[in-house]
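Student: Handing you this structure, nothing more for now.
The values are calculated or read from the model by the stated rules, or taken from the named source; none is laboratory data. Here the structure is a predicted model, which means the values were calculated and not measured. Here the Cβ positions follow ideal geometry from the backbone for every residue, glycine too, while neighbour counts run over all protein chains shown.
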C-alpha cells in the first residue's frame with residue numbers, strides 16, 4: 001500500500017516536472033501555433049514592397065506629390081484644384097488615435113484661420129481600416145460630422161500617399177508652399193508641443209511656420225517630433 | 001514520507017514558475033526616463049507603449065513571455081505613455097488581465113519633443129518602439145517587433 005502511494009506521488013511528480021519543463025521550453029515553440037491569418041494579404045503585399053524603397057519620405061525643400069483621394073463627401077480632392085491656395089497644411093490624422101482626437105479642435109481652428117490666408121488644411125487618414133476598424137470610411141464620415149470638420153478628410157486608399165510623404169504616425173503635419181507648379185515642403189512635424197493642454201503650449205510649431213511663410217520670412221523651426229500613433 | 005515528496009514536487013513547481021506579483025505602475029518624469037535608459041547590470045529591454053495603442057498591445061505579451069524566460073539576464077521594462085489619470089482605470093486593469101509581471105513605468109509628460117531625444121535621436125515619436133541597452137551596446141527599434149524578432153534582438157546582447 002505504501003509503495004503504491006509512493007508510486008502515485010512519483011508519477012504526479014513526474015507529470016508536474018514534464019509540464020513545468022514544457023512551460024519553460026519557450027525557445028523552440030515559436031512555430032507551434034498556426035500563424036494568424038492576415039486579411040487581404042495579397043492586396044497588402046505590394047505597398048509593403050514599395051514602402052521599403054520610399055520610406056525615407058520628404059525632407060524640407062522637396063517637392064511633394066499631388067494626389068487624387070476620395071473625400072468623405074465622395075468627391076475626389078487634388079491639390080491642383082485649389083487655384084487660389086498659396087499652400088497647404090497636409091495633416092495625416094485619423095479617428096482612433098487619442099493624439100489625433102486631442103488635436104481635432106486645434107486643426108479646425110487652424111483651418112478656419114489660415115484658409116482665408118491661402119493655407120487650407122487637407123486631412124488624410126492613412127490607416128488601413130482592417131488594422132483599425134474605427135478608421136473606416138463610414139466612421140470618418142461620422143466623426144467629421146460630429147466635430148464639424150471644415151476641411152476635406154481624405155482616405156489614403158491603398159496606402160500609396162503616406163509612404164511617399166514619409167508620414168509614420170498620426171497626427172503628422174506637412175506644410176507645403178506653392179512655388180510655380182510645385183508644392184514645396186516647408187515644415188514637417190507636430191502641430192505644437194503639448195497635445196494634452198492647448199493653453200500650456202510652449203512652441204506653436206505649425207502656426208509659427210505659417211506666420212513666417214505669410215510674412216515671407218525664413219521658418220525658424222522646420223521640423224519637430226511628437227508622440228503619435230504608428231500608421232498601420 | 002508522502003508529505004515530504006509532495007512538498008518536494010510543490011517546490012519544483014513553484015521555483016520553476018514566474019511567481020512574481022502582477023506589476024503595479026510607477027509614474028516617472030524626464031529625470032526618471034534619463035535614469036531608466038542608462039545601462040544596468042543586466043541587459044535592459046525598454047518598450048514604449050500605451051493601452052490605446054493596438055500594435056503595442058499586440059506585441060506586449062511576447063515581451064512579457066520572453067522577459068520571464070530570461071529573468072536572470074534581462075530587465076524587461078515597459079514605459080506606458082498613458083495619462084496618469086488612467087493608471088487605475090485603464091493601465092493597472094490591463095496589466096492584471098494580461099498578467100504582466102515585468103517593471104511598468106508611466107511617463108505622462110506632454111512635452112514629448114523634450115524627452116524623445118533622451119531615448120533616441122532617430123525616434124519620430126510613433127509607438128511602439130523598443131530600446132535595448134547594455135554596458136557596451138545600444139540598439140533602437142523604431143517599429144513593432146514579432147516574437148522571433150525580439151528574441152533575436154535580445155540574443156545579440158547575451
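Student: Among what's in segment B:129-150 and is within 14 Å of chain A (Cβ to nearest Cβ) and free of Cβ contacts under 8 Å to residues at least 60 places away in the same chain, pick the residue that is surrounded by the fewest Cβ atoms within 10 Å (Cβ to Cβ).
Tutor: It comes out as B:148.
Student: Hey, among the residues in segment A:189-215 that are closer than 30 Å to residue A:136 by Cα and out of contact with any helix residue (DSSP H, G or I) (no Cβ under 8 Å at 6 or more places or on another chain), which one's surrounded by the fewest Cβ atoms within 10 Å (Cβ to Cβ)?
Tutor: The first filter runs over segment A:189-215 and keeps only residues closer than 30 Å to residue A:136 by Cα, leaving A:189-198, A:205-207.
Going one step further and asking which of them are out of contact with any helix residue (DSSP H, G or I) (no Cβ under 8 Å at 6 or more places or on another chain), we end up with A:197, A:205.
Numbers: A:197: 9, A:205: 25.
Among those that are closer than 30 Å to residue A:136 by Cα and out of contact with any helix residue (DSSP H, G or I) (no Cβ under 8 Å at 6 or more places or on another chain), it is A:197.
Student: Something else about it: Step by step: first the residues of segment B:106-128, then only those that are assigned to a helix (DSSP H, G or I) and in contact with a helix residue (DSSP H, G or I) (Cβ under 6 Å, 6 or more places away or on another chain), then the one that is farthest from the other protein chains (Cβ to nearest Cβ). Which residue is that?
Tutor: Here the residue is B:118.
Student: For residue B:158, indicate whether it is more than 9 Å from chain A (Cβ to nearest Cβ) and either under 11 Å from the mean Cα position of the chain (by Cα) or crowded, with 21+ Cβ neighbours inside 10 Å (or both).
Tutor: Numbers: more than 9 Å from chain A (Cβ to nearest Cβ): yes; either under 11 Å from the mean Cα position of the chain (by Cα) or crowded, with 21+ Cβ neighbours inside 10 Å (or both): no.
In short, no.
For (1) within 14 Å of chain B (Cβ to nearest Cβ); (2) modelled with pLDDT of 95 or more; (3) not in a loop (DSSP other than H, G, I, E, B), each residue gets a yes or a no:
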{"residue": "A:134", "(1), (2), (3)": "yes, yes, yes"}
{"residue": "A:178", "(1), (2), (3)": "no, yes, yes"}
{"residue": "A:191", "(1), (2), (3)": "yes, yes, no"}
{"residue": "A:199", "(1), (2), (3)": "yes, yes, yes"}
{"residue": "A:210", "(1), (2), (3)": "no, yes, yes"}
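Student: Going through segment B:57-83 one residue at a time, which ones are closer than 18 Å to residue A:232 by Cβ and either touching a strand residue (DSSP E or B) at 6+ places or on another chain (Cβ under 9 Å) or not in a helix (DSSP H, G or I) (or both)?
Tutor: Passing the criteria: B:57, B:59, B:60, B:81.
Student: Quick one: is residue A:139 part of a helix (DSSP H, G or I), touching a residue at least 12 places away in the same chain (Cβ under 8 Å) and away from chain B (no Cβ under 14 Å)? Steps first, please.
Tutor: Values: part of a helix (DSSP H, G or I): yes; touching a residue at least 12 places away in the same chain (Cβ under 8 Å): yes; away from chain B (no Cβ under 14 Å): yes.
The answer is yes for residue A:139.
Let's see how each residue does on (1) closer than 26 Å to residue B:141 by Cα; (2) in a helix (DSSP H, G or I); (3) touching a helix residue (DSSP H, G or I) at 6+ places or on another chain (Cβ under 6 Å):
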| position | (1), (2), (3) |
| --- | --- |
| A:145 | no, yes, no |
| A:173 | yes, no, yes |
| A:187 | yes, no, yes |
| A:217 | no, no, no |
| A:226 | yes, no, yes |
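Student: Go through A:95, A:81, A:116, A:71 for me and flag whichever is assigned by TED's automatic domain parsing to the domain that holds residue A:144 and touching a helix residue (DSSP H, G or I) at 6+ places or on another chain (Cβ under 9 Å).
Tutor: Values: A:81 fails: touching a helix residue (DSSP H, G or I) at 6+ places or on another chain (Cβ under 9 Å); A:116 fails: touching a helix residue (DSSP H, G or I) at 6+ places or on another chain (Cβ under 9 Å); A:71 fails: touching a helix residue (DSSP H, G or I) at 6+ places or on another chain (Cβ under 9 Å).
On inspection, the qualifying residue turns out to be A:95.
Student: Somewhere in segment B:85-105, is a residue surrounded by fewer than 21 Cβ atoms within 10 Å (Cβ to Cβ), free of Cβ contacts under 8 Å to residues at least 12 places away in the same chain and within 12 Å of another protein chain (Cβ to nearest Cβ)?
Tutor: yes
Student: Within segment A:77-111, take every residue that is closer than 20 Å to residue A:164 by Cβ, in a loop (DSSP other than H, G, I, E, B) and without any contact (Cβ under 8 Å) to a residue 40 or more places away in the chain and give me the one that is nearest to the chain's Cα centre (by Cα).
Tutor: A:78
Student: Let me ask you something else. Given A:167, A:200, which one is under 14 Å from the mean Cα position of the chain (by Cα) and on the phi < 0 side of the Ramachandran plot?
Tutor: On the way: A:200 fails: under 14 Å from the mean Cα position of the chain (by Cα).
After applying the criteria, what remains is A:167.
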